[in-house]
Amino acid sequence: MSKRLFVKGNEAAAMGAVEAGCRYYFGYPITPQSDIPEYLSRELPKLDGEFIQAESEIGAINMLLGASACGRRAMTSSSSPGISLKQEGISYMAGAELPGVIINISRSGPGLGGIDASQADYFQAVKGGGHGGYHIPVLAPNSVQEMYDLTMHAFDLADLYRTPVMLLGDSVIGQMKEALVPNPRPVRELPEKSWAVRGKSNAEQRVVKSLFLGDGELEAHNWHLHAKYQVMKEKECISEEYETADADLLVVGFGSVSRIAHTAVAMAREAGLKAGLFRPVTLFPFPEQALQKAAARAGKVLVVELNTGQMVEDVRLSVAGAAKVSFYGRPPGAGSLPSPEELFEVIRKQYDQAS
Amino acid sequence: MQQVFRRPESLKDVQTHFCPGCHHGTIHRLVADAMDHFGVQQRTIGVASVGCSVFLYGYFDIDVVEAPHGRAPAVATGVKRARPDSFVFTYQGDGDLAAIGTAEIIHAANRGEDITVIFVNNTTYGMTGGQMAPTTLVGQKTSTSPYGRDKSKDGSPIRMAELLAQLGGVAFSARVAVDSPKHVLEAKKVIREAFGFQVEGKGFSFVEVLSACPTNWGMTPLAATARIGAEMIPYFPLGVFKKEENA
């Protein structure tokens, strides 16, 4: 049996990266994710890896681009304002089909905002973020264990689909301490990186680029990327359900708020209300079909987010009219994290309205 | 009969897209010659930047990574750290390196990354149509300084080779020109020397090359080449500003 550790979510993600074989980290300090570079600045040199504290988030994402172009497992991490700066590089990596893991322990905004838990960067994460019409897989852990497990999964997805992958958390997930079982990296068959630059050694020249100027080239490239996203939608959706089998109200939430919603749903069940919880774990690809099924069964959906309403748009598109969708949001800021009791009240009111 | 002049191995046998009188072709040749000289072509990873030099991979027969505008030194840092056995160089213009990419060049240089940077200074943004660059001379008219660069509003042209020579991580920093056979031969020697620093693992090396952009200067190739000696060299003096092993 594996040992159990008691660590922060941020540390768990850094440990997951090391277990996944990541030996190159490039980052810039920003709260609330600095435990990640701090951990890796200690551990990577012991493993003959490289840690660079870059001059900026822009420098860091481009160092990641360079290391990844060489076929290495590499990552960066940051928080919302820093992720905004990285969007240029993420777009170039998506265009050049470069793998790489970006951990976003997001904070509240807009602007400098604050450092509290927030889900206000859902749109930025799942709708592309940078210029040019692309998507990257986005994973939303809700526990310290998942910070570890999903970071390893992120590296596999990145290599499998030749794409940057984002892990989207917030200060609740990054800063809280929980038990972690550091399981070994799962064995997964991955394609050979026959595209990586290496110094050509008398073989074919290799070029990593996102510039396509020939007639029809760029359109074909965009359709190629689109086809990849369709495969991800078919194969890579992950979601979790709690008490949904007989639920007549489906609460939908991801990441930190899903933990609070879980407790609220349990309270509702104790009070005799048949609420259930649906949690998207992959935000892109969004688990449309599983959600559609669960929502149609329940007939009523309540989306809870730490913002003024973002994922609710994808929920409405997925449900496609098969259930009534309502929304409860707490935009981020000090003192705005809802308690389980508060969410229970919101759930209870849904039943009041129905009767 | 002995062959005394031929295309460097590291260059492809193709036509370039460069304008008549542009010096990129000459500079490409000098860089390829230095690669051949040290026999590093097969382990070279070039980093292309944004501007007229973005098509690097079309002319050099080497592996290439394309960097976002100004970010080539950061990309090259990632490449060199990931593959320390490779020979890594960036090739950047003045808008790319001395404006949008200032943070990346300063910090890659200051970390003493074991890479070589070829910096082509033609005092303008070539690819976008001749706008004012950080190296545009005071008084020089461009498409965005139609009344001439005004020092009081636009600042003074930046002397990158001297600026970088101040940084602890820089082992070699020099400025050359390619406006005359004599200068081309000197440039060839200096670029070789810079590459030698990396080949021997002696640290960050930087060569600024003064070059002409006849199209955007609105000059004939001959007049543009003459301008380098008449106007550019007086402000951007040629020479080696730092040579310090294991900086």
Residue check, B:Thr26 more than 20 Å from A:Ala203 (Cα to Cα), assigned to a helix (DSSP H, G or I) and in contact (Cβ under 8 Å) with a residue 60 or more places away in the chain: yes
I'd like to check something: does region B:88-106 contain any residue that is at the interface with chain A (Cβ under 9 Å from one of its Cβ atoms), crowded, with 24+ Cβ neighbours inside 10 Å, assigned to a helix (DSSP H, G or I) and not β-branched (Val, Ile, Thr)? yes
Which residue pairs have Cβ atoms under 8 Å apart, sit 6 or more places apart or on different chains, and have a first residue in region A:69-84 that is within 22 Å of B:Val64 (Cα to Cα) and a second that is charged (D, E, K, R)? A:Cys70/A:Arg198; A:Cys70/B:Arg83; A:Gly71/A:Lys193; A:Gly71/A:Arg198; A:Arg72/A:Arg23; A:Arg73/A:Arg23; A:Arg73/A:Asp159; A:Ala74/A:Arg23
Which of the residues that make up region B:202-226 are hydroxyl-bearing (Ser, Thr, Tyr) and assigned to a loop (DSSP other than H, G, I, E, B)? B:Ser211, B:Thr220
Tell me which residues, restricted to region A:305-320, are out of contact with any strand residue (DSSP E or B) (no Cβ under 7 Å at 6 or more places or on another chain) and charged (D, E, K, R). A:Glu313, A:Asp314
With respect to the numbered conditions (1) small (Gly, Ala, Ser); (2) surrounded by fewer than 16 Cβ atoms within 10 Å (Cβ to Cβ); (3) within 25 Å of the chain's Cα centre (by Cα), which one is the sole condition not fulfilled by A:Ser256? (2)
In region A:1-35, which residues are small (Gly, Ala, Ser) and assigned to a helix (DSSP H, G or I)? A:Gly9, A:Ala12, A:Ala13, A:Ala14, A:Gly16, A:Ala17
Is it true that some residue in region A:144-152 is of a type outside the set (Lys, Arg) and within 23 Å of B:Val75 (Cβ to Cβ)? no
Name the pairs whose Cβ atoms lie under 7 Å apart, with the first residue in region A:44-65 and more than 16 Å from B:His107 (Cα to Cα) and within 9 Å of chain B (Cβ to nearest Cβ), the second modelled with pLDDT under 95 and outside any helix (DSSP H, G or I), and 6 or more positions between them or separate chains? none
Please go through (1) away from chain B (no Cβ under 14 Å); (2) buried (at least 24 other Cβ atoms within 10 Å of the Cβ) for A:Lys86 and return the number of the only condition it doesn't satisfy. (1)
Of all residues in region B:48-86, how many are over 16 Å from the mean Cα position of the chain (by Cα) and more than 7 Å from chain A (Cβ to nearest Cβ)? 4
On the given criteria, is A:Ala227 at pLDDT below 95, surrounded by fewer than 19 Cβ atoms within 10 Å (Cβ to Cβ) and farther than 24 Å from A:Leu64 by Cα? no
Of A:Val265, A:Val251, A:Val281, A:Val301, the only residue that is over 14 Å from A:Gln350 (Cα atoms) and β-branched (Val, Ile, Thr) is A:Val281
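The values are calculated or read from the model by the stated rules, or taken from the named source; none is laboratory data. Since we're looking at a predicted model, the values are computed, not measured. No Cβ is skipped: glycine too gets one built from the backbone with ideal geometry, and neighbour counts run over all protein chains shown.
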